[in-house]
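S.K.: Submitted below is the structure of interest, expressed as structure tokens.
The values are calculated or read from the model by the stated rules, or taken from the named source; none is laboratory data. The structure presented is a predicted model; accordingly, all values stated were derived computationally and were not measured. Please note: Cβ atoms are built from the backbone with ideal geometry, for glycine as well, and neighbour counts cover all protein chains shown. Remember, those area values only see protein heavy atoms, side chains included, never the ligands or the DNA or RNA. Shrake-Rupley method; radii C 1.70, N 1.55, O 1.52, S 1.80 Å.
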Amino acid sequence: QSFLNEVRASLPELPVEKRERFEREFGLSAYDADVLAASREMADYFEAVQRVCGDAKLAANWVMGELSSLLNKDNLAIEQSPVSAEQLGGMIQRIKDNTISGKIAKMVFEALAAGEGDSADAIIEAKGLKQVTDSGAIEAMLDEVLAANAAQVEQYRASDEAKRGKMFGFFVGQAMKASKGKANPQQVNELLRKKLEG
């Protein structure tokens, strides 16, 4: 029995155990845990990303989403991934601390995959992709957007609630275009609503 216990203890974690641990430890859905625990390499990569960024859900989304489609497109195994787990984890940290938006993160990920920088930070710096979270700067930009679309502003204010939704999207789009996608979307929404309804 003691020999069996020793052998059991030295065995690698079985996929089913790994899956259960991912659900228990990281609060992942059964589906996500299943996909990530399917191969040892995938599971190890995911756990390494999670260790760096401290967010299992975001790590799972990126590993199963962008990373998997990149690997499929180039017919690569996860061990051959052009983006290391450390790089991906570092990039997710920048989404979490609002340095970049999810949309900009896709550009950073592509640049990492193309070998344009050795870390997300280096790419964000080199390409000037830092998200604008300064309310003053965002307000000034929104004022310009609203001034350039005065007729639409009038129309918006004269419309009923139902029509406003679609029109609001137009202003958000203009604002994001003006900031080259770098303004914090949440702040844009909040400040824009205040300006349009104020």
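S.K.: State yes or no: is residue 113 within 17 Å of the chain's Cα centre (by Cα) and open to solvent by 20 Å² or more (accessible area, probe 1.4 Å)?
M.R.: Considered against the rule, which asks whether it is within 17 Å of the chain's Cα centre (by Cα) and open to solvent by 20 Å² or more (accessible area, probe 1.4 Å), residue 113 comes out as yes.
S.K.: Kindly establish whether residue 177 is touching a strand residue (DSSP E or B) at 6+ places or on another chain (Cβ under 7 Å) and under 19 Å from residue 99 (Cα atoms).
M.R.: no
S.K.: Can residue 166 be described as under 31 Å from the mean Cα position of the chain (by Cα), exposed (fewer than 12 other Cβ atoms within 10 Å of the Cβ) and either under 29 Å from residue 105 (Cα atoms) or of a type in the set (Phe, Trp, Tyr) (or both)?
M.R.: Yes, satisfied.
S.K.: Could you please let me know if residue 131 is surrounded by 20 or more Cβ atoms within 10 Å (Cβ to Cβ), within 19 Å of the chain's Cα centre (by Cα) and closer than 20 Å to residue 66 by Cα? Even if it seems obvious, please write down each step before you answer.
M.R.: Numbers: surrounded by 20 or more Cβ atoms within 10 Å (Cβ to Cβ): yes; within 19 Å of the chain's Cα centre (by Cα): yes; closer than 20 Å to residue 66 by Cα: no.
Spelling it out, it is not the case that residue 131 is surrounded by 20 or more Cβ atoms within 10 Å (Cβ to Cβ), within 19 Å of the chain's Cα centre (by Cα) and closer than 20 Å to residue 66 by Cα.
S.K.: Does at least one position in the stretch 150-162 carry a residue that is at pLDDT below 90 and either part of a helix (DSSP H, G or I) or in contact with a Ser or Thr (Cβ under 6 Å, 6 or more places away or on another chain) (or both)?
M.R.: yes
S.K.: Ok, one more. Mind checking which pairs have a first residue in the stretch 1-27 that is in a helix (DSSP H, G or I) and a second that is charged (D, E, K, R) and open to solvent by 100 Å² or more (accessible area, probe 1.4 Å), Cβ under 9 Å, 6 or more apart or different chains?
M.R.: These pairs meet every condition: 15/40; 18/40.
S.K.: Out of 65, 54, which single residue is surrounded by fewer than 16 Cβ atoms within 10 Å (Cβ to Cβ) and more than 17 Å from residue 31 (Cα to Cα)?
M.R.: On the way: 65 fails: more than 17 Å from residue 31 (Cα to Cα).
On inspection, the qualifying residue turns out to be 54.
S.K.: Do you know which of the residues in the stretch 26-68 that are over 12 Å from the mean Cα position of the chain (by Cα) and of a type in the set (D, E, K, R) is farthest from residue 96 (Cα to Cα)?
M.R.: 40
S.K.: Condition check: open to solvent by less than 80 Å² (accessible area, probe 1.4 Å) and either free of Cβ contacts under 8 Å to residues at least 12 places away in the same chain or closer than 15 Å to residue 86 by Cα (or both). Does residue 33 satisfy that?
M.R.: On the way: open to solvent by less than 80 Å² (accessible area, probe 1.4 Å): yes; either free of Cβ contacts under 8 Å to residues at least 12 places away in the same chain or closer than 15 Å to residue 86 by Cα (or both): no.
Judged against the criteria, residue 33 is not a match.
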